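The block underneath contains the structure these notes are about, expressed in structure tokens.
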Amino acid sequence: MKLLTFLACASLVQAKQPNILFLFSDDHALRSISAYGGDLAKIAPTPNIDRLAATGAIFENSFCGNSICGPSRATIMTGKHSHKNGFLRNTGKGLDQSQWTLSKALQGCGYSTAVIGKWHLVSDPIGFDYWEILPGQGNYYNPVFKQMDGSIKKFNGYCTDITTDKAIKWLDKRDKEKPFFLMCQHKAPHRTFAPALRHLKAFDGVTIPEPPTLFDDYQKRSGTLAKNEMEIDRHFDWAYDAKVRKDERNGIKLPGPDRYPTVEYRRMTKPQKTRWDAHFGPENRAFIEKVPTMTHKDIVRWKYQRYMKNYLATVKAVDESVGRMLDYLDKNGLTENTIVVYASDQGFYLGEHGWYDKRWMFEESFKMPFAIRWPGVTEPGSRPKEMIQNIDYAPTFLEAAGVAIPPEIQGNSILPTLQGNAEGWRKSLYYSYYERGEHNVPQHFGVRTETHKLFYLPETNEWQLFDLIKDPQELKSVHDNPSYSKIRKQLTKEFHRLREHYEAPPMKMAKGS
Ligand code: SGN
Ligand code: CA
């Protein structure tokens, strides 16, 4: 093993290895990043992520391989799809870190390494000189962090800010003789979408535009879609998600689920609760008074507004964190020798198809935001169109560090796509989703090209085919449409070719583990 590390490091090609600052969040939909344009760009700008994009590159077609937290993170750490790194579902035993990992490789080749914030790979981080992580999903308010000695410590304040403070503190104290690899990973904007107190009022008086599919009827696609459990209408919890506590309802019955307590509220200090109530209290009272006169659809619309304002407010703190980190680099003369990435573990539904959550291979959750500034490499303000995937991050960082890319890595360094030299770049992506989980999304396996998407649902033995050009919202499967028979054959063939290429086991194996 030592010999292998030595050989990998011996191939160093750069005199000076760049620092790598990996800024990461959880469930950040592209639609809520203004650099991607879209209908929220003016209402909810993200000036700091935009600043990174303007001084670097932002990818229009960046995807995950398995749209769920732990699996996406395991892929980033290993450069391999889920079936190869063994982390198929959040509910598994944890990342087997005896395999090759990015952190071990960079640490072994001279980097000072740290991960701070959400980790979610069950087993404690290996290959990091320093780590301080949220246990499991973590909390927004007064969160606890697991320390390297195994102890759990509570910190007062807002998780996004605390994570950033810790990241900056580590940068200040790091071994400055070495290049650094720092993963600064936020819980936000993940459920339960609890904003910082200073952002509670950020969207007062604003009406968030509704996606055209907020009331999707799920026709013309697999019947499994209608069985989902991630609808704003039928599943978004009143107290837990929508922040209307039972004691605020004046005896009025609300349509929809009410299963969980107000977890974040319970964690707050008294002064925090006072500010929270000062914001939500009057709004909730006005809503409760109106409920008897509202139609069911109006109530769903109200929930959508509540969801989105809180989600976008949590994004504001993430964006501020990105700004603080970029400022730190500027002030400390690190900008010119630091690669900065902003990404999130997958996309998210912001009301599209009536949903919150992710998991499906549809564009909103299959896509991952990805912005990168690589001094001397990225063309400021560029928007590469190549289809990249999270299997590509590890080899990209290895190439930047001048470290040999081990053959087991399934992704490719994205360097050619940044240099306008992407001839021969992949024209199709492989996708797998194994976890049925909380929101009742069935396993599915698919392929996406620049124009079409095909996926297979083993449980119901169904195929779905979408024409991404004519039907960008993916509202109609054309799998059985005779005019698509040629495309269908091509994609089916490509699907099997990719499965062979990535050495995917039979789809039936997906049960268990
Ligand atoms: C939690 C959430 C789910 C979410 C999963 C996976 N429930 O279980 O809504 O789909 O995480 O998210 S919560 O009540 O705990 O918020 S992931 O990002 O970790 O994959
Ligand atoms: Ca996630």
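The values are calculated or read from the model by the stated rules, or taken from the named source; none is laboratory data. All of these numbers come straight from a predicted model, not from anything done at the bench. Methodologically, a virtual Cβ is constructed for each residue, glycine included, from the backbone with ideal geometry; neighbour enumeration extends over all protein chains shown. Please note that ligands, DNA and RNA were not included when accessible areas were found on the heavy atoms of the full protein model with its side chains. Shrake-Rupley method; radii C 1.70, N 1.55, O 1.52, S 1.80 Å.
How do the peptides 279-292, 331-344 rank, highest first, by the average count of neighbouring beta carbon atoms within 10 Å per residue?
With the highest mean Cβ count within 10 Å placed first, the list reads 331-344, 279-292.
Pull out a ≥ b ≥ c, the square roots of the eigenvalues of the alpha-carbon gyration tensor of region 395-513, then state rounded if a/c is under 1.5, prolate if not and a/b is larger than b/c, and oblate in the remaining case.
oblate
If you only keep lysine pairs separated by 8 or more in sequence, or across chains, how many in region 430-509 come under 20 Å at the Cα atoms?
For region 430-509, the number of qualifying lysine pairs is 10.
Ranked from the most accessible area to the least, with a 1.4 Å probe and all protein chains present, what is the order of ASP345, ASP204?
Of ASP345, ASP204, the descending order of accessible area is ASP204, ASP345.
Expressed in nm to one decimal, what extension gain is obtained for the pair THR295 and ASP124 from 0.36 nm per residue of sequence separation less their Cα-Cα distance?
56.7 nm
For region 37-99 and region 207-262, write down the distance between their C-alpha centroids in whole Å.
What the calculation gives is 26 Å, centre to centre.
First check a/c for region 181-223, with a ≥ b ≥ c the square roots of the eigenvalues of its C-alpha gyration tensor; if it is under 1.5, answer rounded, and if not, answer prolate when a/b is larger than b/c or oblate otherwise.
Cα axes put region 181-223 in the oblate bin.
Among GLY376, GLN490, PRO282, flag the residue with its Cα farthest along the positive direction of the charge dipole of the chain, charges on Cβ as +1 for Lys/Arg and -1 for Asp/Glu.
The listed residue farthest towards the positive side: PRO282.
Using a 1.4 Å probe on the protein chains only, how many percent of the accessible area of region 209-307 belongs to carbon and sulfur?
52 percent
Grab the beta carbon distance between ASN421 and LYS489, set R0 = 35 Å, and tell me the FRET efficiency rounded to 0.05.
The value I calculate is 0.60.
Determine, for region 209-307, the count of lysine pairs separated by eight or more sequence positions (or lying on different chains) whose alpha-carbon distance falls under 26 Å.
Total qualifying Lys-Lys pairs in region 209-307 comes to 23.
Taking the solvent-accessible surface of protein heavy atoms with a 1.4 Å probe, what is the per residue accessible area of region 311-367 in Å²?
20 Å²
Taking 7 Å along the Cα-to-C-beta vector as the label spot, tell me the THR55-LYS16 distance in nanometres, rounded to one decimal.
If labels sit at THR55 and LYS16, their model points lie 1.6 nm apart.
Please work out whether the chain counts as rounded, prolate or oblate from its C-alpha gyration tensor, where a ≥ b ≥ c are the square roots of the eigenvalues and a/c under 1.5 means rounded, while otherwise a/b larger than b/c means prolate and anything else oblate? Don't jump to the answer; show the numbers that get you there.
Numbers: a/c = 1.70, a/b = 1.16, b/c = 1.47.
Judged from the Cα gyration tensor, the chain comes out oblate (a/c at least 1.5, b/c at or above a/b).
Explain nothing, just the number: relative contact order of the chain, from Cα pairs under 8 Å at least 6 residues apart, as a whole percent.
Numbers: 1014 pairs, mean separation 126.1, N = 513.
Relative contact order of the chain: 25 percent.
So for the pair GLN473, LYS227, with labels modelled 7 Å out along Cα→Cβ, what separation do we get in nm?
Reported label-point gap for GLN473 and LYS227 is 2.5 nm.
Whole-Hz Karplus ³J(HN,Hα) for region 469-486, in order, using 6.51 cos²θ - 1.76 cosθ + 1.60 and θ = phi - 60°, x for Gly and Pro?
Ordered by residue, 3J(HN,Hα) equals 7, 7, 9, x, 8, 6, 9, 8, 6, 9, 4, 9, 7, x, 6, 9, 4, 5 Hz.
Which value, in Å², gives the accessible area per residue of region 430-509 when a 1.4 Å probe is used on the protein heavy atoms?
Values: 3920 Å² over 80 residues.
It amounts to 49 Å² per residue over region 430-509.
Of LYS84/LYS187; LYS118/LYS166; LYS187/LYS316; LYS42/LYS309, which ones are farther than 18 Å apart at the Cα?
LYS84/LYS187
Rounded to the nearest 20 debye, what is the charge dipole size of region 244-367 about its Cα centre when +1 sits on each Lys and Arg Cβ and -1 on each Asp and Glu Cβ? Intermediate results must be reported in sequence, preceding the final value.
Values: 23 positive and 18 negative charges, 160 e Å.
Charge dipole of region 244-367: 760 debye, to the nearest 20.
How large a share of the accessible area of region 311-411, in percent, is made up of carbon and sulfur atoms when the probe is 1.4 Å and the other protein chains stay in place?
49 percent
Once the other residues with Cβ under 9 Å from the Cβ of GLY411 are scored (Lys, Arg +1; Asp, Glu -1), what is the net sum?
For residues surrounding GLY411, the net value is 0.
Taking the simple approach of a point 7 Å from Cα along Cα-to-Cβ for both ASP327 and GLU408, what is their distance in nm?
About 4.3 nm separates the two model spin labels.
Roll a 1.4 angstrom probe over the protein heavy atoms and tell me the percent of accessible area of region 14-151 that is carbon or sulfur.
Carbon-and-sulfur percentage of accessible area, whole number: 54.
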